Amino acid sequence: MGVNMQSIKELYKIGRGPSSSHTLAPERACKLFNETFGAFPYYEAELFGSLSLTGKGHHTDAVIEQTLLGEVKVIFSLEWQEEFPNGFYIRAYNDKHELQQRWTVFSIGGGSIRIVEKDLDWNDEVYQENTLKEIKQVLQDKNETLLSYIYSYEPNLSEHLLDIIDAEVECVHAGITAEAGILPGKLKLQRVARKLYLESLKSKSSYANDLKLMSYAYAAGEENADTHKVVTAPTLGACGVIAALTYHCIHDLKIDKDTMIDALAIGGIFGNLIKHNATISGAVGGCQAEVGSAVSMASAAFAYILGGSLNDIEYAAEIGIEHHLGLTCDPVMGYVMIPCIERNSQGILRAIDAANLAIHMNKVRATHRVSFDTIVETMKETGNCIPMSLKETSIGGLAKYFDESHC
């Protein structure tokens, strides 16, 4: 990562599923390669790390073949000598199969990319502060709010977040209105979001609202798995948490869009801090970096909506990560379905709980002991301790022990 934090716009991105690191990032890189160099008759894309190990299940090869402008050979390799564990080479050849251009692309999480041979405008470092402690010091010195701090660095952020809200609402609506069907891939997983949503409407249980929230997360997760348009928040594998929160706030709680924009900005700055100081990549930090980060962001956003103070918001965001520490990334057969979609449905409930708990715990205890910066540092170290077999490679954990005869 760079010295300073990037724009929140680079955290929330609209793209097609099923994986921000495996489809959105390669697609962005290949499109940029086309724009930079034009068309060539032949290409090679050599994948490494989790892109190689789970690229088939995530449609990495398909999106590269569809995006580059000539005949494409996709190579799945394991011997990767670059500094970042997840990436690929793009090589372009002329009619004589002579190498013309070559890029080294790192897929760094959430659809973000870094190219060794090219500086990218969207990777510009926007913020001068890199920890919440530093941000809070600025707020104290200037007597300003966290929102005014964010918008001072990103005055046009609201326009971007309005598009994000619309995309989130459209995504969930599409998912809860989609007819029953089978998601792509060998798992033959049935769509259930609509059925869950209808169950929540007719349920007389005190848990009916929880079921509705989970149906929203399922809706986004299924749209993602079906390669439809979704939002990285902060990744596509964890897209259901913020999508469910956004739809719930707009559709059920009747929160106005201006307030929701501010809430996503608040969640975004916490997601940015995680991305900068730890990781949002499942291939680097496990699912704690994806669903854990999404829950942290949603917790902060909902604490803001509930009228929480900065202390409440920080505590909510800290809880969101703390209770996902060590969560592994072990997608069955390489698809962003099991356990990913179910984890998103649990994540939205945990976010609501974290915001409520933080606000009321601060009333009865006044202070919390673990700072947000501390938990992010803990998450980073925990991710480093998770073995590679449990970081989006599908060679360990549930992916290893799943009984394929159930398909």
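Values for this structure:
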quantity	calculated
Search result, residues across the range 251-287 that are among the β-branched types (Val, Ile, Thr) and in a helix (DSSP H, G or I)	THR259, ILE261, ILE266, ILE269, ILE274, VAL284
Cβ pairs under 9 Å, 6+ apart, first in the range 305-331 and assigned by the TED database to the domain that holds GLU381, second of a type in the set (Lys, Arg) and open to solvent by less than 40 Å² (accessible area, probe 1.4 Å)	THR328/LYS391; CYS329/LYS391; ASP330/LYS391
Any hit, the range 84-101, residues being among the β-branched types (Val, Ile, Thr) and out of contact with any helix residue (DSSP H, G or I) (no Cβ under 6 Å at 6 or more places or on another chain)	no
Pair list, Cβ < 6 Å and 6+ apart or interchain, from the range 362-386 residues that are within 16 Å of GLY308 (Cβ to Cβ) and open to solvent by less than 70 Å² (accessible area, probe 1.4 Å) to residues that are part of a helix (DSSP H, G or I) and of a type in the set (Phe, Trp, Tyr)	HIS368/TYR315
Of all residues in the range 315-334 being open to solvent by 10 Å² or more (accessible area, probe 1.4 Å), assigned to a helix (DSSP H, G or I) and touching a Leu at 6+ places or on another chain (Cβ under 9 Å), the one that is farthest from GLN288 (Cα to Cα)	MET333
Residues (open to solvent by 10 Å² or more (accessible area, probe 1.4 Å), of a type outside the set (Val, Ile, Thr) and touching a residue at least 12 places away in the same chain (Cβ under 8 Å)) located in the range 25-37	GLU27, ARG28, LYS31, LEU32, ASN34, PHE37
Qualifying residue in the range 215-232 (condition: under 14 Å from ILE352 (Cβ atoms) and either open to solvent by less than 10 Å² (accessible area, probe 1.4 Å) or not assigned by the TED database to the domain that holds LYS13 (or both))	yes
Every pair of residues 6+ apart whose Cβ atoms lie under 8 Å, when the first sits in the range 62-86 and is touching a residue at least 24 places away in the same chain (Cβ under 8 Å) while the second is surrounded by fewer than 17 Cβ atoms within 10 Å (Cβ to Cβ) and among the hydrophobic types (A, V, I, L, M, F, W, C)	LEU69/ALA39; GLY70/ALA39; GLU82/VAL116; PRO85/MET388
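For every residue, the table says whether it meets (1) modelled with pLDDT under 95; (2) of a type in the set (Lys, Arg); (3) surrounded by 13 or more Cβ atoms within 10 Å (Cβ to Cβ).
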{"site": "TRP80", "(1), (2), (3)": "yes, no, yes"}
{"site": "ALA92", "(1), (2), (3)": "no, no, yes"}
{"site": "GLU98", "(1), (2), (3)": "no, no, no"}
{"site": "SER112", "(1), (2), (3)": "yes, no, yes"}
{"site": "ILE115", "(1), (2), (3)": "no, no, yes"}
{"site": "ILE135", "(1), (2), (3)": "no, no, yes"}
{"site": "PRO155", "(1), (2), (3)": "no, no, no"}
{"site": "SER158", "(1), (2), (3)": "no, no, yes"}
{"site": "ALA167", "(1), (2), (3)": "no, no, yes"}
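The values are calculated or read from the model by the stated rules, or taken from the named source; none is laboratory data. Keep in mind it's a predicted model, so treat the numbers as computed, not measured. Cβ sites come from the backbone with ideal geometry, for glycine too, and all protein chains shown count toward neighbours. Side chains included, ligands, DNA and RNA excluded: accessible areas come from the protein's heavy atoms. Shrake-Rupley method; radii C 1.70, N 1.55, O 1.52, S 1.80 Å.
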